[in-house]
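Taking it in order: structure first as structure tokens, then the write-up.
The values are calculated or read from the model by the stated rules, or taken from the named source; none is laboratory data. This one's a predicted model, so the numbers in the text were calculated from it and none came from an experiment. Ideal geometry is used to build each Cβ from the backbone, glycine not excepted, and the neighbour counts take in all protein chains shown.
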Amino acid sequence: MRMGVMAILALASLAACRRDGYQRTSGDVGEPQIVALSVRTQPEGATVKVNGLDRVWTTPCDIADFSIGRGMIDLVVSLEGHETLKTRVPYDGEHPAAVKLKLRATGAAKPADPAPAVVAAAEPKPVPVEEPQAKPAPIKIESGLGGTRVKVTSPGAKIRLRAKTVVSEPEKPGEYLLPDVPPDKVVVELLDPKTDALIASVEFAPPAAPIAAAPVNPPPAPPKPDPAPVEADRVGQVKLVSKTFGVFVKLDPDVVLQPGEEIIVFRDGKEIARTKILKVTPADPNYPAGAAQVQREGAIQKGDEVRRTKP
């Protein structure tokens with residue numbers, strides 16, 4: 001009875017040494033083998049060959065062999081009905097290299113990245129991601145005396161101004177003055193340079209007008225002496241009075257003025273100032289017949305009538 005038990009144990013020990021047709025020989029006696037490679041596949045049951053050895057393993061498996069040393073390990077993984085994979089993994093000689101492979105059935109569509117996923121023991125360092133920088137605004141809007149100034153700061157930007165009056169100067173391209181804004185209403189529209197489609201808009205609405213208190217027994221204004229009548233021809237109307245840009249007159253059609261010429265400013269049919277022409281600008285959408293910049297004299301206001309003395 002005792003001899004039978006010992007025989008069974010010997011047979012079990014001999015079977016444990018077998019691994020896929022490989023038997024331990026007398027030359028394998030030595031120090032215990034160290035697991036160098038851990039292979040997992042999906043699906044399981046694949047045959048694994050390492051470094052061209054005659055010995056094979058079946059997944060899932062932990063591979064140890066005296067011939068496996070530190071460095072790159074060549075793997076060949078095959079399974080019936082699936083494509084054979086060949087790859088290389090690094091082994092540091094101390095920690096097992098972990099390999100996880102997903103086998104593709106024969107004839108299946110290839111994924112975008114055909115390389116097998118290899119999970120190394122060391123974790124990769126995170127790569128810092130730079131924050132995106134904010135783009136500068138394509139236009140700049142500034143409020144000042146006499147109105148609002150709009151500047152195009154981006155060379156490729158295209159804008160459209162919806163206002164009563166827009167003043168531009170040839171020597172300052174991309175810069176516009178919007179007189180009396182606020183309180184006058186204006187809309188600044190940013191357009192697509194290729195399609196003229198509206199991208200964004202900014203609107204300036206007039207603020208609520210304060211309620212002025214009525215003066216108590218205001219003193220009567222002294223009467224102004226009537227100026228002597230002057231024979232003169234009308235040449236235009238004052239459209240802009242600004243400390244920054246000066247006084248601009250919207251010329252009537254077929255009027256020709258020269259710099260240095262003297263003109264007279266009237267309000268309600270009465271002369272209020274005499275001044276001279278400084279510069280004459282060509283016609284544009286806001287000034288169809290052109291404009292004249294005049295020297296600022298007296299209390300010239302927007303809407304005053306401008307005349308030229310008859311010879």
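If you go through the range 260-283 and keep only what is surrounded by fewer than 17 Cβ atoms within 10 Å (Cβ to Cβ) and among the charged types (D, E, K, R), you end up with GLU261, GLU262, ARG267, ASP268, LYS270, ARG274, LYS276, LYS279. Filtering LEU240, LEU191, LEU177 for residues that are modelled with pLDDT of 80 or more, among the aliphatic types (A, V, I, L, M) and assigned by TED's automatic domain parsing to the domain that holds VAL150 leaves a single hit, LEU191. Does GLU169 satisfy the condition of being closer than 23 Å to PRO285 by Cα and modelled with pLDDT under 75? Against the criterion (closer than 23 Å to PRO285 by Cα and modelled with pLDDT under 75), GLU169 qualifies.
From THR195, THR165, which residue is free of Cβ contacts under 8 Å to residues at least 12 places away in the same chain and of a type in the set (S, T, N, Q)?
Details: THR165 fails: free of Cβ contacts under 8 Å to residues at least 12 places away in the same chain.
After applying the criteria, what remains is THR195.
Looking across the range 284-311, the residues that are polar (S, T, N, Q), within 20 Å of GLY260 (Cβ to Cβ) and surrounded by 14 or more Cβ atoms within 10 Å (Cβ to Cβ) come down to GLN293, GLN295. Is one or more of the residues making up the range 289-300 in contact (Cβ under 8 Å) with a residue 60 or more places away in the chain and outside any loop (DSSP other than H, G, I, E, B)? Looking through the range 289-300, none of the residues is in contact (Cβ under 8 Å) with a residue 60 or more places away in the chain and outside any loop (DSSP other than H, G, I, E, B). Only one entry of VAL77, VAL99, VAL127 meets the criterion of being modelled with pLDDT under 80 and either loosely packed, with under 10 Cβ neighbours inside 10 Å or in contact with a strand residue (DSSP E or B) (Cβ under 7 Å, 6 or more places away or on another chain) (or both), and that entry is VAL127. Among the strands (runs of 3 or more DSSP E) confined to the range 43-98, the ones with at least 2 residues that are basic (Lys, Arg) are located at 85-91. Taking (1) surrounded by 15 or more Cβ atoms within 10 Å (Cβ to Cβ); (2) modelled with pLDDT under 80 in turn, PRO136 satisfies each apart from (1).
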